[in-house]
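J.: Mind having a look at this structure? Questions to follow.
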């Protein structure tokens, strides 16, 4: 009798563990999340401009119809990711999300205090390596450390008027999600903008 | 917006207002009419008489910190009539 009770208790505990593990893992297997939806736009490592949100054809739910969006899925496994883009004068922001769609970093035109975007995303280990061997060519870049290895970057760009959609989308299409990262060993390229 | 986060279709093609295009009173305040029939001023047309979801988005605002949330006046939503 006691043995039967023990088996029942063991089964209950095992069931509970499996239940909790399943619930916690569920987001990684969900296929209707932002990560999977963005994967349909094309290959990783480059920006894809989302079509302007219009009733019935939105790429993702809860998009702002007044914003143009570009998204890029990236992986930090093969080194830091550098994002370069010329941005419009109006409001824009770039946000970095983890695989599950939670925001880990964001920057907008006012906090960037410049018109173009030059963002280097690193893991904590890559950040430590960059600190030890600083790359002079990245002096003007914004270098951030994120606790993720895979994620996506989302650029939002305000479109004040429908006539500006074309121009904004052209700028977003030109955004580079895998800009070259100069090596520490290479000689410093002559930068005409650099003030010493 | 529908409850599932998708925009609502409407014949006028107007799904949103932003701060630079909304018509304001002299003191800077504004009023947006949400209705099926055309209204003067800012009119956000809806094609349904069912449930709708209104979303206010604030970009680049210090409010997102949450510390001063008690001091801000959110827009009021009033039912002005039944059609």
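We did not get these values from a lab; they are worked out from the coordinates using the rules stated. Treat the numbers as computed from the prediction; the structure is a model and nothing was measured. Counting neighbours? That spans all protein chains shown, and the Cβs are built from the backbone with ideal geometry, glycine included.
J.: Quick one: P(r) of chain B from all Cα-Cα pairs, 10 Å bins, percents rounded to integers, in order of increasing distance.
T.: Going from the shortest bin to the longest, the percentages are 14, 43, 34, 10, 0.
J.: Quick one: A:23, A:146, A:165, fewest Cβ neighbours within 10 Å first, how do they rank?
T.: Lowest count first: A:23, A:165, A:146.
J.: Tell me, A:29, B:17, A:41 in order of fewest to most beta-carbon neighbours within 10 Å?
T.: The most exposed by this proxy come first: A:29, B:17, A:41.
J.: Same structure again: Can you list the equivalent-ellipsoid semi-axes of the range A:51-118, largest first and in whole Å, using the square root of 5 times each Cα gyration tensor eigenvalue?
T.: Result for the range A:51-118: semi-axes of 22, 19, 11 Å.
J.: Here's another thing I want to ask about it. Compute the projected area of the convex hull of the Cα atoms of the range A:63-187, averaged over all viewing directions, and report it in nm² to one decimal place.
T.: Mean projected area of the Cα convex hull: 7.9 nm².
J.: I've got another one for you. Among A:132, B:26, which comes first, then next, by fewest other beta-carbon atoms within 10 Å?
T.: In order of increasing Cβ crowding within 10 Å: B:26, A:132.
J.: In a GNM of chain B with a 10 Å cut-off on Cα contacts, which of B:20, B:36, B:53 has the highest mean-square fluctuation?
T.: So, out of B:20, B:36, B:53, the one fluctuating most is B:20.
J.: Separate question: Over chain A, what is the relative contact order in percent, taking alpha-carbon pairs closer than 8 angstrom and at least six residues apart?
T.: Once normalised by length, the contact order is 27 percent.
J.: Then there's this: Treat each spin label as a single point 7 Å out from the Cα along the C-beta direction, and report the residue A:40 to residue A:176 distance in nm.
T.: About 3.1 nm separates the two model spin labels.
J.: Still on this structure: Taking Cα centroids, how far is the range A:150-186 from the range B:18-65 in Å?
T.: Using only Cα atoms, the two centres lie 29 Å from each other.
J.: Here's something else I'd like to know. Among rounded, prolate and oblate, which fits the range A:1-138 when a ≥ b ≥ c are the square roots of the eigenvalues of its C-alpha gyration tensor, a/c under 1.5 means rounded, and a/b larger than b/c means prolate?
T.: Oblate, because a/c is 1.5 or more while a/b does not exceed b/c.
J.: Mind checking the angle between helix A:2-29 and chain A's longest principal axis? C-alpha axes, 0 to 90 degrees, to the nearest 10.
T.: Rounded to the nearest ten degrees, it is 20.
J.: How big is the protein assembly as shown by Rg and Dmax over its Cα atoms, in Å?
T.: 24.0, 85
J.: On a C-alpha basis, how far is the centre of the range A:46-99 from the centre of the range B:1-15 in Å? Whole number, if you could?
T.: 22 Å
J.: Turning to a different aspect of this structure: With runs of 4+ DSSP H residues as the only contributors, calculate the mean residue ellipticity of chain A at 222 nm using -39,500 (n - 2.57) per run, divided by the residue total and rounded to the nearest 500.
T.: Computed mean residue ellipticity for chain A: -8500 deg cm²/dmol.
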